[in-house]
Amino acid sequence: MPAELPEPLDVIAVGAHPDDVEIACGGTLAQLVRQGYRVGIIDLTDGEPTPASPGPEVRLQEAAEAARILGVHVRHTLELTNRRLFDSHEARLALAKVFRRYRPSVVLGLAAKTPLASPDHYQAVQITDAAVFYARLSKWDEQFDGLAVHTIPRQVWYPLGFSSLQLPPAGGHFIVDIGETLAIKLQAIRAYQTQFPPTKDRLFRTLEGQNRFYGGSAGFEAGELFFSSGTLGTKDLVKLVCP
Ligand SMILES: [Zn+2]
């Protein structure tokens, strides 16, 4: 019999490395927490080694501090290997077990390849998509330590990076208003001192510019871009177009 399950999470955001989720959707996660949702972050690897970091212990401390700043309820780092992350049965199972334990309503995952950046990101796309599917598969209990199946109702993708304006094919793109949480997001990213020393300060200006552009396109002070895996619908046209 599986151990007792933890309290469910409403939203789980999955990244390849600690800082992916903060950069792409930290403002949205902080906003969800303020709205009363239970939010978790899963990093598939510890992100190490990297050039300026003394090692995984420091990186994991930074990740814990970033999670504290965002206010998320759960953060786990899986024991998959940075720089050697590959879509595999074992990786899919490891993440699907987390989904079965925390039973989220929405999973946020990476949207696409990130040319000139880590190839782990594209592997994370495939692992996350597969794990969302694996979480609901019946007649396979022995693969999941006896954890019960869980069907995740909605999956949403987030883009990572600044070098492309191209939108991946998806059910629809939308902006989440992060006007009230942009500063919290930037503070959470600054918790990664080993990844963003003063010589990389341009990233913060670029990221803020991108978030202000996305937000402005929807009438907000700042925003983050997402893609729905299915076509989005509404029962109230006015509330949809006048948020
Ligand atoms: Zn990354």
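The values are calculated or read from the model by the stated rules, or taken from the named source; none is laboratory data. These numbers come from a predicted model, not from an experiment. As a convention, Cβ positions derive from the backbone with ideal geometry for all residues, glycine included, and neighbour counts pool all protein chains shown. Heavy atoms of the whole protein, side chains included, go into the accessibility calculation; ligands, DNA and RNA do not. Shrake-Rupley method; radii C 1.70, N 1.55, O 1.52, S 1.80 Å.
Here are a few things to note about the model shown:
- Listed by chain and number, the aspartates and glutamates whose alpha-carbon sits under 19 Å from that of K97, ignoring those within fewer than 8 places in the same chain, are E4, E7, D10, D43, D46, E79, D87, D129, D141, E142, D145.
- Eligible lysines near K200 by straight Cα distance, threshold 17 Å, same-chain separation 8 or greater: K185
- Overall, the ratio between the Cα radius of gyration of the chain and 2.2 N^0.38 Å, rounded to two decimals, is 0.98.
- Among the chymotrypsin sites (Phe, Trp or Tyr not before Pro) found in the range 65-143, those both in a DSSP coil and sparsely packed, with 15 or fewer other Cβ atoms within 10 Å of their Cβ, are F86, W140.
- Among A188, C242, L80 the positive-end extreme of the charge dipole of the chain (Cβ point charges): C242
- When the trypsin sites (Lys or Arg not before Pro) in the range 120-212 are filtered for DSSP coil states and for at most 14 other beta-carbon atoms within 10 Å of their beta-carbon, the remaining sites are R136, K139.
- Taking trypsin sites (Lys or Arg not before Pro) across the range 45-124, the ones in a DSSP loop with at most 16 further Cβ atoms lying within 10 angstrom of their Cβ are R83, R84, K113.
- Taking GluC sites (Glu not before Pro) as exposed when their DSSP state is a loop state and no more than 13 other Cβ atoms lie within 10 Å, the longest site-free interval of the chain runs over 5-220.
- Computed [θ] at 222 nm, helices only, for the chain once each DSSP H run of length n ≥ 4 contributes -39500 (n - 2.57): -11500 deg cm²/dmol
- Here the chain is treated with +1 on each Lys and Arg Cβ and -1 on each Asp and Glu Cβ, and its dipole about the Cα centre works out to around 440 debye.
- Computed over the range 11-241: relative contact order in percent, which uses C-alpha pairs under 8 Å that are six or more apart: 24 percent
- Carbon + sulfur, % of accessible area of the range 115-223 - ligands and nucleic acids excluded, 1.4 Å: 55 percent
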